[in-house]
Amino acid sequence: MIISVIGTGHVGLVTGAGFSEMGHTVICIDQNQDKITSIIDGSIPIYEPSLDEIVSRNKSSGRLHFTTDLAEGICLSDVIFIAVDTPQLSHGQSDLSQLESVTHQVAKASNNKKTIVIKSTVPVSTCRRIDRILRKYGNGTVFNVVSNPEFLREGKAVYDFMNPDRIVLGTRSDDKDAKRTMMKIYEPFEKDHVEIIYTTLETSELIKYSANAFLATKVAFINEMANLCDAVGANITELARGIGLDNRIGSSFLKPGPGYGGSCFPKDTLSLTVQAQEANCPVRIIESVINSNSSHIRRLGRRVSDFCAECWNIDCKSSLLGKKIAVLGLSFKANTDDIRSAASTVIIPFLIKQGAKVMGFDPVLSATEKFTDQFQDTIPTFEAKTDLDTVLWGADVVLVLTEWEEIAKIDWLKKRSILNSPIVVDFRNLFNPDLMRKYGYHYASLGRP
Ligand SMILES: NC(=O)c1ccc[n+]([C@@H]2O[C@H](COP(=O)([O-])OP(=O)(O)OC[C@H]3O[C@@H](n4cnc5c(N)ncnc54)[C@H](O)[C@@H]3O)[C@@H](O)[C@H]2O)c1
């Protein structure tokens, strides 16, 4: 059986590489010629730990191929995974234009029976729509449409793909063929006792949104609790441990931080609320989560200026004027170069608006480049570097936004001499407040006295 994956981005490339690692023959297809050329030449276009190793291993073994020729890739394969992006439109709906365009191309190019698997995150009923398009434009070709949402986390994508908590497969209830094909593909996981959930197309589509919405809720919840801890003098670390040890709650996703970001949680939570409104069944909890998260991120910029005003005993309205702020971490979380909806994209423009001179550090060059490209018109004064000391040198304030290992292991005692002023605002709670105080720092974090 030959598998093709259309869309060689964060999800498609990991999916293609992962299936080839499991022993399947895979053709990865993308319309972006530069991307495909660079992968063929041995350079991976995204930062994702160990992805380069499995791509290069499976390319050499002849199981993993790359092309921009969609028609040829489709003709050669039995199963076609579609992993193109489904970004957010202005009112929160999902933009399905890439998916629809690919579907028309698949319908036109297919020469015999195909199983079409939707990996992209799509609103409920999209797979049925894809099924209808394929039947209408497929010149009599038989298509089996499957929904197989992806749950991998950027930064741990290869591990997550190879070690899934579960696999969700939605099919039409009368489609036994699709189920058999998918069982064959995922057989190695089933043998490893990974639970496979067979369900309808609609339930499968909704599982993906519900999972992300639930996780986003946990993040927003713990951030609100951290703010409350600050207000009443309680400790969020101990609170999170105190609730997380309850098996019904669980300890993951209970770390306060600068709000959720990235390419998935913001768009998927919003899309879920839109789908629910359209179904006349609003999801009020998720609407509140979205509001909570965006006001949390917005409040953090103000917390930096308030804290500095307190340290320097000056007016908070002008406390950042002319000050150099070193922002540590631009990506939305560690181990990825993805800056989409990262806290840095909101907080840095705010700080610059307050008159601060901001320099950013991220250990991954592509993250610094993406950030400067995105903001070159609106904040041309902003500079980003991959060298930590250049960014820290002469800083009046250090602001920690991402939990990169390079940031978490900073020796603050040693760095003290290159800073202009010993102020560290840590929105990832990476450092010990007592130790920071002992080293002579004014140190603020989230929900810790
Ligand atoms: N990024 C994640 O962590 C993640 C996790 C789970 C699910 N998802 C979902 O997976 C989907 C893909 O996300 P992504 O982050 O991989 O997107 P991406 O933007 O990184 O990759 C999409 C790729 O599709 C290609 N493409 C677009 N139109 C094409 C066409 N007509 N023919 C061939 N290639 C085409 C683009 O060139 C791009 O390389 C989205 O629906 C997303 O919500 C993403």
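Taking Cα centroids, how far is region 103-182 from region 279-335 in Å?
Cα centroid of region 103-182 versus Cα centroid of region 279-335: 39 Å apart.
Hey, how many Å between the Cα centroid of region 188-205 and the Cα centroid of region 55-90?
22 Å
Which angle between 0 and 90 degrees, to the nearest 10, do you get for helix 97-109 versus the longest principal axis of the chain when only C-alpha atoms count?
20 degrees
Select from region 257-363 those trypsin sites (Lys or Arg not before Pro) which occupy a DSSP coil region and have at most 16 other Cβ atoms within 10 Å, ordered by residue number. List each step's numbers first, then the result.
On the way: sites: Lys267, Arg284, Arg298, Arg299, Arg302, Arg303, Lys317, Lys323, Lys324, Lys333, Arg340, Lys353, Lys357; in loops: Lys317, Lys323, Lys333, Arg340.
Loop-located and lightly packed - Lys317.
For Lys108 and Ile249, compute 0.36 nm times the residue count separating them, minus their Cα-Cα distance, and round to one decimal in nm. Present the calculation step by step, with values, prior to reporting the outcome.
Details: separation 141, 0.36 × 141 = 50.76 nm, distance 4.87 nm.
In short, 45.9 nm is gained.
Out of the trypsin sites (Lys or Arg not before Pro) in region 380-449, which ones are loop residues according to DSSP with at most 16 other C-beta atoms within 10 Å?
Working: sites: Lys385, Lys409, Lys414, Lys415, Arg416, Arg428, Arg437, Lys438; in loops: Lys409, Arg428.
For trypsin sites (Lys or Arg not before Pro) across region 380-449 that sit outside H, G, I, E and B with at most 16 neighbouring Cβ atoms in 10 Å, the list reads Lys409.
Give the percent of DSSP beta bridges with both residues in the chain that are antiparallel, rounded to the nearest 5. Display every interim value, and only then the final one.
On the way: 3 of 49 bridges.
Bridges in the chain are about 5 percent antiparallel.
With unit charges on the beta carbon (Lys/Arg positive, Asp/Glu negative), name the residue among Phe371, His442, Leu392 whose Cα is farthest towards the positive pole of the charge dipole of region 295-444.
Towards the positive end, the residue furthest out is His442.
Between Ile2 and Glu202, what FRET efficiency comes out of the Förster formula 1/(1 + (r/R0)^6) with R0 = 25 Å and r the beta carbon distance, rounded to 0.05?
Details: r = 29 Å, r/R0 = 1.16.
Once the sixth-power term is evaluated, E becomes 0.30.
In nm, to one decimal, how far is the modelled label at Ser38 from the one at Lys191, with both set 7 Å along Cα→Cβ?
3.6 nm
Dipole of region 2-193 (Lys/Arg Cβ +1, Asp/Glu Cβ -1, origin at the Cα centre): which of Phe151, Ser38, Asn139 lies farthest to the positive side?
Asn139
Taking H placed 1.01 Å from N in the peptide plane, check which residues at least 5 places from Val5 or on another chain put their amide H under 5 Å from its amide H.
Placed amide hydrogens put Ile27, Cys28, Ile29, Phe81 under 5 Å from Val5.
Springs between alpha-carbon pairs under 10 angstrom, Gaussian network model over the chain: which of Asn293, Asn163, Asn148 fluctuates most?
Ranking Asn293, Asn163, Asn148 by mean-square fluctuation puts Asn163 first.
On full extension of the chain, what length is gained from Lys136 through Leu76, given 0.36 nm per residue of separation minus the C-alpha to C-alpha distance? Walk me through the numbers before you get to the answer.
Values: separation 60, 0.36 × 60 = 21.60 nm, distance 2.18 nm.
That works out to 19.4 nm of additional length.
Using the crude model of +1 on Lys and Arg Cβ and -1 on Asp and Glu Cβ, and no other charge, please compute the dipole size for the chain relative to its Cα centre, in debye to 20.
Working: 50 positive and 53 negative charges, 135 e Å.
The dipole of the chain has a size of about 640 debye.
Please state the relative contact order of the chain as a whole percent: Cα pairs under 8 Å, 6+ residues apart?
Worked out over the chain, it gives 11 percent.
Quick one: grab the alpha carbon gyration tensor of region 295-444, order the square roots of its eigenvalues as a ≥ b ≥ c, and give me rounded if a/c is under 1.5, else prolate or oblate depending on whether a/b is larger than b/c. Spell out each step's value before the answer.
Numbers: a/c = 1.55, a/b = 1.17, b/c = 1.33.
Cα axes put region 295-444 in the oblate bin.
Do the sum for the chain: with -39,500 (n - 2.57) for every DSSP H run of n ≥ 4, divided by all residues, what is the mean residue ellipticity at 222 nm, to the nearest 500 deg cm²/dmol?
It comes out at -14000 deg cm²/dmol, rounded to the nearest 500.
Roughly how tilted is helix 265-278, in degrees to the nearest 10 and between 0 and 90, from the longest Cα axis of the chain?
With rounding to tens, the tilt is 60 degrees.
Using the Karplus curve 6.51 cos²θ - 1.76 cosθ + 1.60 with θ = phi - 60°, what ³J(HN,Hα) values do you get for each residue of region 281-290, in whole Hz, with x for Gly and Pro?
Each residue's phi maps through the Karplus curve to give 9, x, 9, 4, 4, 6, 4, 5, 4, 4 Hz.
Among Ile347, Ile249, Ile185, which one shows the highest mean-square fluctuation when the chain is modelled as a Gaussian network with alpha-carbon springs under 10 Å?
Answer for the Gaussian network model of the chain: Ile249.
Under a plain spin-label model, where a point goes 7 Å from the Cα along Cα-to-Cβ, how far apart in nm are Ala234 and Leu89?
4.3 nm
For the chain, set up a GNM with springs between Cα atoms under 10 Å and report which of Val391, Val117, Val346 has the largest fluctuation.
Largest GNM mean-square fluctuation: Val346.
FYI, it's all coordinate maths here, none of it is from the lab. The structure presented is a predicted model; accordingly, all values stated were derived computationally and were not measured. Cβ coordinates were reconstructed from backbone atoms using ideal geometry, including for glycine residues, and neighbour counts include every protein chain displayed.
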